[in-house]
Amino acid sequence: MRWVSRFAVLMLCWTGCAAHEKSGDRAAAVGEWKGALKAYQQALMDDPSSPQLRRKYQQAKQEAVAASVRRAQSCASLLDWQCALNEADFALGLDASNPELTAFRVESARSFSRALLQHARDD
């Protein structure tokens, strides 16, 4: 009887892992890298020893950082400093050792602060 319960637990873990992986695959196929990253992260929690999942997770992580950097730069060019800061924070959360991104984030924060001060003066 005991092997039946172990088998049931293994099957539940495997099904959950497979569902998360498929969700990550669907998100990655359309370039939704943040969603893919989250799904692969969930799948890895269910099956941490899978080299295939680890590769997919790393790929999604790299793509999510690159997409967030592009979006942060686009937001900055539109002077949407809150968006730029949010995207830079997300990317730094995944790649804290990136000095260019850190500098971009600092400059965005300064620009955001200046914009807030200017808005306060105008009111």
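Numbers for the structure displayed
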item: The one condition in (1) modelled with pLDDT under 95; (2) over 30 Å from Glu21 (Cβ atoms); (3) open to solvent by less than 60 Å² (accessible area, probe 1.4 Å) that Leu116 fails to fulfil; result: (3)
item: Test: residue in the range 61-76 that is modelled with pLDDT of 95 or more, over 28 Å from Lys22 (Cα atoms) and not in a helix (DSSP H, G or I); result: no
item: Residue within the range 108-122 that is closer than 22 Å to Ala29 by Cβ and either touching a residue at least 12 places away in the same chain (Cβ under 8 Å) or assigned to a loop (DSSP other than H, G, I, E, B) (or both) present; result: no
item: All positions within the range 52-84 that are open to solvent by 90 Å² or more (accessible area, probe 1.4 Å) and touching a Leu at 6+ places or on another chain (Cβ under 8 Å); result: Arg54
item: Residues of the range 85-97 satisfying the condition of being in contact with a Leu (Cβ under 7 Å, 6 or more places away or on another chain) and not hydrophobic (A, V, I, L, M, F, W, C); result: Asp95
item: Among (1) open to solvent by less than 50 Å² (accessible area, probe 1.4 Å); (2) modelled with pLDDT under 95 - the single one Leu92 does not satisfy; result: (2)
item: Members of the range 25-40 found to be open to solvent by less than 90 Å² (accessible area, probe 1.4 Å) and part of a helix (DSSP H, G or I), listed by number; result: Asp25, Ala27, Ala28, Ala29, Trp33, Lys34, Gly35, Ala36, Leu37, Ala39, Tyr40
item: Sole residue being assigned to a helix (DSSP H, G or I) and aliphatic (A, V, I, L, M), chosen from Leu53, Leu79; result: Leu53
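The values are calculated or read from the model by the stated rules, or taken from the named source; none is laboratory data. Every value quoted in this text rests on a predicted model; they were computed, and no experiment measured them. Cβ atoms come from the backbone with ideal geometry, glycine included; neighbour counts cover every protein chain shown. Just the protein is used for accessible areas: all its heavy atoms, side chains included, with ligands, DNA and RNA removed. Shrake-Rupley method; radii C 1.70, N 1.55, O 1.52, S 1.80 Å.
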